[in-house]
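Take a look at the structure set out below.
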């Protein structure tokens, strides 16, 4: 079937978005000096890469990285997956199997960027396509050129988001999860969700395999699909929930076998970060389960934490034109007689944003947790603002002024995006020069030393955690909370080497300042059981301290 002039123009818009997105990604990657000064794998992304490599090479869902708290239930490597979700692990493992030629870790880590890049570009295209679809169905009076320009503005506004560009330069789960979420919202507005509820549920399940956020978003989206089709709500709800569970049942079974409960997840402890003096380090870096509140006291403390942190996240969600987009969507949904499908979808987007706010405030104070809820909110807000302008009384604004306002919305979104992109790239250059992960050259050198001095199956303790596990191909236990806690870790798992890598002593964990500042004094602390230390400064300025530990019995003898 030969393409028409209209379809060629539509494809031209999508092709422009793909090329613009790749250009923006390249600029951001260059600002980070990706693959040189900045390793592709960070603490978060390396956890997925290490687990994916284990799956690709050994066919097992295990990892060579663990936190000290994991030693309570699983003291020996390889460890079961206690933190990461399976979606990205399986996807990266498939790529590792399909591309066997790259063997060196610093070369193979580039494969982990393929999925985020694809999702970044696909999101720009999908958002533009949904905008064009909605304008074509609900605003047929506007011309095709105007519709294409509006779709281009929506897609380009997303691609200019520096946070999206950042997630696209590493193996993060935010972009795959957001792509699935936008796909689900597209299924709602196109009314495909109630027509094919099982497929809709499968989409939610696959999306949920990338991030656990879908556990509380799925009921909202399933309810929205049921409300779109009021005459068969029960069937739609049951089939969608069934589809949601099918992809996740094997994962729940895996967690039940490994941890005794299908709902177990180590990241659940993060909700206690910042409560009663607890930190991420104190919760996860001791070889014992943390004592956390329960019952009414737990609910009171959690509510207090959410209320304290909510203003920070609300301010982030209202920065720049985001408050305008959110307010426009909320106002549009309250206008008289909006189309049922669009109104239900808008309420679902607002509810997802509210749940995202609460979840982010309950966790660590990282604004990145708002990203999946923020993307559909901003895109829908732009369309809602255009709709409000179109519905304004002619006596209030004339047609020319309304057209100018429509253009102004697009200019505001793109202008804000350009400004944020420039600012994001400037911040990336600054952060790359001061980040807490050594350069690729230093990691390769350190990994080579580990391979030469540590047997293949022997565990190393290091603050580099999964990054060192990836490059050295050795099981790595994350650094204990304090030097005095090393002995408690060794009573559960024997290891002899502790490798520290910090830019300077001031950036080390508070309890490890002394070791980095005066490494030669480490053997003098009998309770640390250090028999030999080596230290040097890497080419990129990082301070490396290598501690060799004595036999575990020496610690007990010294204490006696």
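The values are calculated or read from the model by the stated rules, or taken from the named source; none is laboratory data. Being a predicted model, the structure only gives us computed values, none of them experimental. Note: ideal-geometry Cβ built from the backbone for every residue, glycine included; neighbour counts use all protein chains shown.
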Matching residues in the stretch 224-267 - criterion: being farther than 18 Å from residue 208 by Cβ, in contact with a helix residue (DSSP H, G or I) (Cβ under 8 Å, 6 or more places away or on another chain) and assigned to a loop (DSSP other than H, G, I, E, B): 229
Single unsatisfied condition, residue 98 versus (1) surrounded by fewer than 23 Cβ atoms within 10 Å (Cβ to Cβ); (2) closer than 30 Å to residue 332 by Cβ: (2)
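Conditions (1) under 17 Å from residue 189 (Cα atoms); (2) outside the structural domain of residue 312 (by TED's automatic domain parsing); (3) touching a residue at least 40 places away in the same chain (Cβ under 8 Å); (4) in a helix (DSSP H, G or I), marked per residue:
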| residue | (1), (2), (3), (4) |
| --- | --- |
| 332 | yes, no, yes, yes |
| 335 | no, no, yes, no |
| 346 | yes, no, no, yes |
| 350 | yes, no, no, yes |
| 355 | no, no, yes, yes |
| 361 | no, no, yes, yes |
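For (1) surrounded by 20 or more Cβ atoms within 10 Å (Cβ to Cβ); (2) assigned by TED's automatic domain parsing to the domain that holds residue 285; (3) at pLDDT below 95; (4) closer than 29 Å to residue 427 by Cα, each residue gets a yes or a no:
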residue	(1), (2), (3), (4)
40	yes, no, yes, yes
64	yes, no, no, no
70	yes, no, yes, no
78	no, no, yes, no
The listed residue being under 25 Å from residue 123 (Cα atoms), in contact with a helix residue (DSSP H, G or I) (Cβ under 6 Å, 6 or more places away or on another chain) and buried (at least 23 other Cβ atoms within 10 Å of the Cβ), out of 93, 49: 49
Which numbered condition residue 469 fails, given (1) part of a helix (DSSP H, G or I); (2) at pLDDT below 95; (3) under 33 Å from the mean Cα position of the chain (by Cα): (2)
Qualifying positions in the stretch 159-192 - under 25 Å from residue 140 (Cβ atoms) and not in a loop (DSSP other than H, G, I, E, B): 182, 183, 185, 186, 187, 188, 189, 192
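Per-residue answers, yes or no, for (1) on the phi < 0 side of the Ramachandran plot; (2) surrounded by fewer than 24 Cβ atoms within 10 Å (Cβ to Cβ); (3) free of Cβ contacts under 8 Å to residues at least 60 places away in the same chain; (4) out of contact with any strand residue (DSSP E or B) (no Cβ under 8 Å at 6 or more places or on another chain):
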| residue | (1), (2), (3), (4) |
| --- | --- |
| 132 | yes, yes, no, yes |
| 137 | yes, yes, yes, yes |
| 160 | yes, no, no, yes |
| 171 | yes, no, no, yes |
| 200 | yes, no, yes, yes |
| 215 | yes, yes, yes, yes |
| 226 | yes, yes, yes, yes |
| 232 | yes, yes, yes, yes |
Those residues of the stretch 490-520 which are over 25 Å from residue 282 (Cβ atoms) and assigned to a helix (DSSP H, G or I), in sequence order: 520
Inter-residue pairs, beta-carbon under 6 Å, first in contact (Cβ under 8 Å) with a residue 12 or more places away in the chain and in the stretch 176-190, second surrounded by 23 or more Cβ atoms within 10 Å (Cβ to Cβ) and outside any helix (DSSP H, G or I), 6+ apart: 176/210; 177/210
Single residue of 126, 88 found to be touching a residue at least 60 places away in the same chain (Cβ under 8 Å), under 20 Å from residue 39 (Cα atoms) and buried (at least 18 other Cβ atoms within 10 Å of the Cβ): 88
Residue list for the stretch 430-450, filter: surrounded by 14 or more Cβ atoms within 10 Å (Cβ to Cβ) and outside any loop (DSSP other than H, G, I, E, B): 431, 432, 440, 441, 442, 443, 444, 445, 446, 447, 449, 450
